[in-house]
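**Q** My structure is below; once you've seen it, I'll send some questions.
The values are calculated or read from the model by the stated rules, or taken from the named source; none is laboratory data. Fair warning: this is a prediction, and the values are worked out from it, not measured in the lab. FYI the Cβ positions are ideal-geometry reconstructions off the backbone, even for glycines, and counts take in every protein chain you see. Quick note on the areas: whole protein, heavy atoms, side chains included, nothing else; ligands and nucleic acids left out. Shrake-Rupley method; radii C 1.70, N 1.55, O 1.52, S 1.80 Å.
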Amino acid sequence: MKALELRFWFLVLLVFVLTQPGAIAFANWDAPYGFYKDLSAWMGCAGAGLVLVLAYGLYGWRNGELSLLNPILAGGVLILTALIGYRAELALGGEMGYGTGNVLMFLVGGFIGLVLSLLLLPVSLPYALTGELYYPYDRPLVIAWVVMIALTLLLGAAYLKERRREGLTESEGRDPSVSSSEPRGP
């Protein structure tokens with residue numbers, strides 16, 4: 001995998017990692033509404049973040065930096081995320097006014113939730129790390145979050161290793177008499 005592809009998938013996973021604590025915090029702001037509310041809030045926020053990452057992927061594809069397969073697969077992740085989140089919202093069955101809206105309202109709410117989850121991240125992260133943020137029914141979400149953190153760290157390390165390898169390959173192809181600090185020609 002090229003370094004840019006690794007960075008793209010790193011960003012896809014990072015969206016899930018960064019939105020979870022804040023999304024759970026505002027989902028349980030006034031009362032615990034259960035697993036489906038927390039799942040719906042997280043998937044809505046992550047789906048909105050994935051739209052931005054997908055736009056970045058399409059830009060990279062247009063510039064020839066990424067293959068078309070990367071944005072297509074990320075689009076599949078986005079659709080799956082939105083479906084899981086919307087189905088979880090429908091499972092609430094009108095509780096708290098949720099589950100009665102349409103997909104468009106879920107998507108718009110996802111972008112609002114993305115902003116809120118990122119704003120609440122610094123406040124909620126210490127509680128997430130100590131476990132005080134979660135109710136017992138959130139255990140599957142905690143496990144998913146920890147697994148995604150581990151995968152994000154692995155992808156980040158692979159990205160840095162590939163960048164270093166590509167940098168060495170690039171420097172090996174240069175003329176040894178040319179210094180790397182000298183400006184290159186036109």
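**Q** Taking the condition open to solvent by 70 Å² or more (accessible area, probe 1.4 Å), free of Cβ contacts under 8 Å to residues at least 40 places away in the same chain, touching a helix residue (DSSP H, G or I) at 6+ places or on another chain (Cβ under 9 Å) and β-branched (Val, Ile, Thr), does VAL103 pass?
**A** Yes; evaluated as a whole, the condition is true for this residue.
Per-residue answers, yes or no, for (1) open to solvent by 100 Å² or more (accessible area, probe 1.4 Å); (2) under 30 Å from TYR33 (Cα atoms); (3) at pLDDT 95 or above:
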residue: TYR134; (1), (2), (3): no, yes, no
residue: ILE149; (1), (2), (3): no, yes, yes
residue: LEU154; (1), (2), (3): yes, no, yes
residue: ARG164; (1), (2), (3): yes, no, no
residue: SER179; (1), (2), (3): no, no, no
residue: PRO183; (1), (2), (3): yes, no, no
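**Q** Looking only at the range 17-36, decide whether some residue is charged (D, E, K, R), open to solvent by 50 Å² or more (accessible area, probe 1.4 Å) and farther than 20 Å from GLY113 by Cβ.
**A** No - not one qualifying residue is present in the range 17-36.
**Q** A follow-up question, please. Quick check: is even one residue across the range 103-119 out of contact with any strand residue (DSSP E or B) (no Cβ under 7 Å at 6 or more places or on another chain) and outside any helix (DSSP H, G or I)?
**A** Among the residues of the range 103-119, not one is out of contact with any strand residue (DSSP E or B) (no Cβ under 7 Å at 6 or more places or on another chain) and outside any helix (DSSP H, G or I), which makes the answer no.
**Q** Sticking with this structure for a sec: Does the range 86-95 contain any residue that is modelled with pLDDT under 95, under 18 Å from the mean Cα position of the chain (by Cα) and within 24 Å of PHE35 (Cβ to Cβ)?
**A** yes
For every residue, the table says whether it meets (1) assigned to a helix (DSSP H, G or I); (2) within 13 Å of TYR135 (Cα to Cα).
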{"site": "GLU5", "(1), (2)": "yes, no"}
{"site": "LEU13", "(1), (2)": "yes, no"}
{"site": "PRO21", "(1), (2)": "yes, yes"}
{"site": "PHE26", "(1), (2)": "yes, no"}
{"site": "TRP29", "(1), (2)": "no, yes"}
{"site": "SER40", "(1), (2)": "yes, no"}
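**Q** In the range 48-67, what residues are open to solvent by 10 Å² or more (accessible area, probe 1.4 Å) and assigned to a helix (DSSP H, G or I)?
**A** Scanning the range 48-67 gives VAL51, LEU52, VAL53, LEU54, ALA55, TYR56, LEU58, TYR59, TRP61, ARG62.
**Q** Then there is this: Six or more apart or on different chains, Cβ under 8 Å: which pairs go from a residue in the range 33-56 that's at positive phi to one that's polar (S, T, N, Q) and open to solvent by less than 20 Å² (accessible area, probe 1.4 Å)? Could you list them?
**A** Once the first residue is at positive phi and sits in the range 33-56, no partner that is polar (S, T, N, Q) and open to solvent by less than 20 Å² (accessible area, probe 1.4 Å) comes close enough.
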